[in-house]
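Below is one structure, written out as structure tokens, with a few remarks after it.
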Amino acid sequence: MSEPSSKKSVQGATESPRAPSSTTEKSALTAGPGQAIESHEACWQSIGVYGSGECRELQKFIHCRNCPVYSHSALRLLERPLPNDYRAEWAAHFAKEQKLSPPHKTSAVLFRIDAEWLALPTCAFQEVAERRRTHSLPHQRHGIVVGLVNIRGELLICVSLGRLLGLEKKSSRQTIRTSYDRLLVANWEGSRLVFPVDEVHGTHKFEAGEVHDPPATVAKSRPSYTHGIFLWHHRAVGLLDPSLLFSALNRSLT
């Protein structure tokens with residue numbers, strides 16, 4: 001009778017790693033809060049999916065996170081008492097002076113009217129269209145209203161920013177000959193307008209710190225719609241204030 005017993009013990013010593021015994025599972029299930037998870041109880045790191053993967057329970061639960069041993073070990077971790085210095089560490093963390101992140105870049109559409117390069121926030125525009133026939137309106141020859149243009153089947157009012165801003169004709173014949181001649185369709189706070197420009201560069205991103213105050217001659221002019229000046233390809237670009245600009249355009253339409 002002694003031989004089967006010794007043979008059984010030898011066979012048990014040579015077996016591959018097995019899943020945690022019922023005693024281990026029971027201790028993990030009934031352990032009270034505050035008890036640390038011992039290394040030998042972290043079976044998911046030894047024979048589970050994060051270890052050798054030889055646990056026989058994986059055939060049933062597929063993954064260790066579906067196993068009650070794993071879930072109750074996580075519950076014990078969450079229910080453990082707070083360390084003595086826990087509150088002090090977090091109080092010191094939130095007491096630190098907050099470091100402000102650098103400002104995000106601003107996007108604007110750059111365009112040229114005569115010899116002046118101007119910019120408006122990208123969100124103020126809907127599209128860039130090719131120059132097309134403008135239908136004139138009576139009694140509007142000397143105002144800022146150029147006429148009506150057909151944009152995707154919709155008639156929109158076309159206004160002249162050059163007249164509103166008081167820009168003079170400074171372009172040479174060569175510059176006029178090579179101009180792209182586009183229409184900018186803008187939409188600001190529900191006001192949809194179209195204005196012709198001589199050239200459109202496209203969108204340009206810049207930091208808020210790159211915008212400087214306009215010169216005194218520009219800032220004191222009546223009226224002034226320039227929010228600031230920034231450099232682009234060694235050119236001074238006037239960043240227009242959309243609120244002031246469209247407010248003046250709407251007043252001119254009434």
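The values are calculated or read from the model by the stated rules, or taken from the named source; none is laboratory data. Everything quoted here is computed from the prediction, not taken from an experiment. Backbone-built Cβ (ideal geometry, glycine too); neighbour counts: all protein chains shown.
So the values come out like this:
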{"item": "A74 being small (G, A, S) and more than 20 Å from E189 (Cα to Cα)", "result": "yes"}
{"item": "Residues within segment 64-123 that are in a helix (DSSP H, G or I) and in contact (Cβ under 8 Å) with a residue 60 or more places away in the chain, tallied", "result": "1"}
{"item": "The lone exception for L137 - which of (1) modelled with pLDDT under 85; (2) surrounded by 12 or more Cβ atoms within 10 Å (Cβ to Cβ); (3) within 23 Å of F230 (Cβ to Cβ); (4) among the aliphatic types (A, V, I, L, M) it fails", "result": "(3)"}
{"item": "Residue selected from segment 56-107 under the condition farther than 30 Å from W232 by Cβ and in contact with a helix residue (DSSP H, G or I) (Cβ under 7 Å, 6 or more places away or on another chain), by the criterion surrounded by the fewest Cβ atoms within 10 Å (Cβ to Cβ)", "result": "P68"}
{"item": "Criterion (at pLDDT 90 or above, part of a helix (DSSP H, G or I), under 23 Å from T106 (Cβ atoms) and not acidic (D, E)) met by exactly one of L244, L231, L184", "result": "L244"}
{"item": "Residue check for H212: over 21 Å from D114 (Cα atoms) and modelled with pLDDT of 85 or more", "result": "yes"}
{"item": "Pick from segment 140-171, criterion basic (K, R) and at pLDDT below 85, ranking: farthest from R182 (Cα to Cα)", "result": "R141"}
